[in-house]
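Asker: What follows is a single structure, and I will ask about it in a moment.
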There are 2 protein chains.
Amino acid sequence: MSFAKLSASIAKRGSNLCIGLDPAVEKIPPFLSRHEDPVLEFNSRIIEATSDVACAYKLNTAFYEILGERGWRTFRETLALIPEDTYVIADCKRSDVGNSAKQYAETFFGYFGVDSATVNPYMGYDSLEPFLGFKGKDIYALAVTSNKGANDFQLIDVGGKKLYELVLEKLSQWNTAGNIGAVVGATQGEYLARIRTEYPRIPLLIPGIGAQGGSVEDVARAIAAEGAPVLVNVSRDVIFAGNGEDFAAGAREKALYYKTLLKG
Amino acid sequence: MSFAKLSASIAKRGSNLCIGLDPAVEKIPPFLSRHEDPVLEFNSRIIEATSDVACAYKLNTAFYEILGERGWRTFRETLALIPEDTYVIADCKRSDVGNSAKQYAETFFGYFGVDSATVNPYMGYDSLEPFLGFKGKDIYALAVTSNKGANDFQLIDVGGKKLYELVLEKLSQWNTAGNIGAVVGATQGEYLARIRTEYPRIPLLIPGIGAQGGSVEDVARAIAAEGAPVLVNVSRDVIFAGNGEDFAAGAREKALYYKTLLKG
């Protein structure tokens with residue numbers, strides 16, 4: 001069953017918290033610079049300190065790509081440090097025509113072996129299809145994102161509903177194997193509640209609490225409602241909780257804080 | 001001026017042809033396997049044989065990412081082989097919230113130093129903004145793509161117009177620095193003609209002729225019309241024209257064929 005690994009990880013840890021491993025180089029504790037790969041060392045310590053609290057880790061490829069080929073090595077080596085039973089998302093938001101989408105699916109599900117990847121739905125079904133063919137792998141398609149730009153297209157009216165609603169309708173139709181989830185920003189509280197009620201069977205990945213300012217109460221309500229697994233991602237606010245030698249302990253504390261907060 | 005480098009390259013070579021360097025490993029001539037990096041050798045020979053015919057090269061990141069960190073080295077080393085006066089597009093179709101979009105913009109325009117990147121507009125203005133701040137760099141945002149999935153969202157009705165038209169309207173509003181172009185698939189002939197007439201000042205990147213079956217006549221008409229520079233991309237049909245020792249000569253022949261054909 002798809003999303004089964006996620007459900008098991010949530011149950012085991014009693015936690016819906018996903019930690020975003022987005023190691024912006026300029027924010028990494030300076031003392032780590034003595035290590036050969038400070039980013040990897042940073043990720044390693046965060047994972048070690050939080051892996052019993054985080055049911056999932058999400059790696060945004062933007063923060064690795066910027067480091068060139070070395071960044072992709074760090075990406076790969078970070079994945080190897082995550083416990084087997086923890087759910088892993090490549091937050092790559094890829095989108096392309098079938099032939100190229102196939103390469104992306106193979107990259108993340110085959111080469112890197114992550115459990116899930118985020119995708120951008122603008123190019124339609126055949127841009128997602130290659131990802132859906134991987135057994136035991138899931139995708140999260142962007143529905144309503146946490147940024148201001150969500151207003152430009154996602155929230156416009158398309159014949160009596162909003163574009164993101166049409167996206168969710170289509171995702172539901174395409175979800176025959178049960179391996180499609182949706183990204184809904186925590187800053188979109190009004191829509192989040194509606195989506196959870198109308199599409200209870202679509203797993204949600206919710207970024208936007210913490211640094212982006214989304215409401216934890218809205219998110220806790222979404223988690224409490226009956227339905228598919230809900231993942232709440234926090235990145236900066238957890239991983240950069242501290243800046244000294246004890247930064248990992250600070251991250252753990254913040255992770256525990258969010259884990260509890262999400263229980264409502 | 002933005003897109004100035006592209007206009008100069010088109011004028012110098014008398015060509016609107018962009019060659020897509022999408023080196024799917026399984027299609028590379030087998031004899032190249034004796035080289036340390038067959039993909040780089042392949043790209044090198046294609047560039048050497050076609051750089052007076054192609055006004056631009058487009059590298060789809062999907063075909064490099066699948067090779068892991070080695071693929072990104074090949075990506076970087078390929079860029080170094082392209083003549084200075086040739087326009088270079090990273091076909092990465094990235095999209096993310098501002099903080100992550102900034103990393104992507106820095107990756108492609110800063111670290112890799114390409115002239116242009118493709119982006120997915122679904123997340124709205126602030127997902128494109130970090131790219132727009134780079135002086136002398138351009139973006140191409142997806143409008144109507146060449147795949148069947150274009151029907152799912154891009155071509156739906158949003159209050160008397162199609163979604164892609166709204167995207168173009170917004171792109172026009174945001175295009176204060178003149179560095180925003182649009183991707184319009186050659187398979188979308190009807191829309192291509194309309195876009196060229198209604199948005200003559202938006203530079204177009206047109207994929208979809210060759211392997212994807214778009215009409216060369218439609219595209220030639222778009223080029224001939226007065227307006228911003230038009231780039232037509234062909235990938236597989238040029239780079240995999242041959243499979244033997246003389247594959248680069250075959251690619252050159254195909255490139256010349258398309259260059260002429262695009263003159264209508």
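Values in this text are rule-based calculations from the coordinates and carry no lab data. Note that this is a predicted model, so its numbers are computed, not measured. A quick note on method: Cβ atoms are made from the backbone with ideal geometry, for glycine too, and the neighbour counts reach across all protein chains shown.
Asker: For segment B:10-42, which positions are buried (at least 23 other Cβ atoms within 10 Å of the Cβ) and either part of a helix (DSSP H, G or I) or more than 20 Å from the chain's Cα centre (by Cα) (or both)?
Answerer: The answer is B:Val39, B:Phe42.
Asker: Using the structure shown, decide if A:Ala90 is surrounded by 20 or more Cβ atoms within 10 Å (Cβ to Cβ), more than 9 Å from every other protein chain (Cβ to nearest Cβ) and among the small types (Gly, Ala, Ser).
Answerer: yes
Asker: Restrict the check to segment B:137-147 and report whether at least one residue is within 30 Å of B:Ser44 (Cβ to Cβ) and of a type in the set (Asp, Glu).
Answerer: Yes, segment B:137-147 contains a residue that is within 30 Å of B:Ser44 (Cβ to Cβ) and of a type in the set (Asp, Glu).
Asker: Does segment B:168-205 hold any residues that are closer than 19 Å to B:Gln154 by Cβ and either touching a Cys at 6+ places or on another chain (Cβ under 9 Å) or basic (Lys, Arg) (or both), and which are they?
Answerer: B:Lys170, B:Arg194, B:Arg196, B:Leu205
Conditions (1) aromatic (Phe, Trp, Tyr); (2) under 22 Å from B:Cys18 (Cα atoms); (3) at the interface with another protein chain (Cβ under 10 Å from one of its Cβ atoms); (4) crowded, with 16+ Cβ neighbours inside 10 Å, marked per residue:
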{"position": "B:Lys161", "(1), (2), (3), (4)": "no, no, no, no"}
{"position": "B:Glu165", "(1), (2), (3), (4)": "no, no, no, yes"}
{"position": "B:Ala177", "(1), (2), (3), (4)": "no, no, no, no"}
{"position": "B:Ala182", "(1), (2), (3), (4)": "no, yes, no, yes"}
{"position": "B:Ala186", "(1), (2), (3), (4)": "no, yes, no, yes"}
{"position": "B:Ile195", "(1), (2), (3), (4)": "no, yes, no, yes"}
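Residue by residue, here is whether (1) away from every other protein chain (no Cβ under 14 Å); (2) without any contact (Cβ under 8 Å) to a residue 12 or more places away in the chain holds:
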{"site": "B:Arg34", "(1), (2)": "yes, yes"}
{"site": "B:Asp37", "(1), (2)": "no, no"}
{"site": "B:Val53", "(1), (2)": "yes, no"}
{"site": "B:Ala56", "(1), (2)": "yes, no"}
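Asker: Would you mind finding the one in B:Thr145, B:Thr118 that is in contact with a strand residue (DSSP E or B) (Cβ under 7 Å, 6 or more places away or on another chain), under 19 Å from B:Phe3 (Cβ atoms) and at the interface with chain A (Cβ under 10 Å from one of its Cβ atoms)?
Answerer: B:Thr118
Asker: Out of all the residues in segment A:43-61, is one or more touching an Asp or Glu at 6+ places or on another chain (Cβ under 8 Å), part of a helix (DSSP H, G or I) and at negative phi?
Answerer: no
Asker: Residue by residue through segment A:163-210, note down the ones that are touching a helix residue (DSSP H, G or I) at 6+ places or on another chain (Cβ under 9 Å) and acidic (Asp, Glu).
Answerer: Matches in segment A:163-210: A:Glu165, A:Glu190, A:Glu198.
Asker: Is it the case that segment A:54-69 has a residue that's more than 26 Å from B:Gly113 (Cβ to Cβ) and surrounded by fewer than 24 Cβ atoms within 10 Å (Cβ to Cβ)?
Answerer: The answer is no, given that none of the residues of segment A:54-69 is more than 26 Å from B:Gly113 (Cβ to Cβ) and surrounded by fewer than 24 Cβ atoms within 10 Å (Cβ to Cβ).
Asker: Among A:Phe31, A:Phe42, which is among the aromatic types (Phe, Trp, Tyr) and under 25 Å from A:Tyr257 (Cα atoms)?
Answerer: Selected residue: A:Phe42, the only one of A:Phe31, A:Phe42 that is among the aromatic types (Phe, Trp, Tyr) and under 25 Å from A:Tyr257 (Cα atoms).
Asker: Mind listing just one residue for me: the one in segment B:119-147 that is among the hydroxyl-bearing types (Ser, Thr, Tyr) and in contact with a Ser or Thr (Cβ under 7 Å, 6 or more places away or on another chain) and, of those, nearest to A:Asn151 (Cα to Cα)?
Answerer: Of everything passing the filter in segment B:119-147, B:Tyr122 is nearest to A:Asn151 (Cα to Cα).
Asker: Give segment A:211-258 a look and list any residue that's touching a Ser or Thr at 6+ places or on another chain (Cβ under 6 Å) and within 21 Å of A:Gly181 (Cα to Cα), or say none.
Answerer: Result: A:Gly214, A:Pro229.
Asker: How do the pairs read when you match residues in segment B:123-138 that are more than 14 Å from chain A (Cβ to nearest Cβ) with residues anywhere that are of a type in the set (S, T, N, Q), using Cβ under 8 Å and keeping only pairs 6 or more apart or on different chains?
Answerer: B:Gly136/B:Ser2; B:Lys137/B:Ser2; B:Lys137/B:Ser116; B:Lys137/B:Asn179; B:Asp138/B:Ser2; B:Asp138/B:Ser116; B:Asp138/B:Asn179
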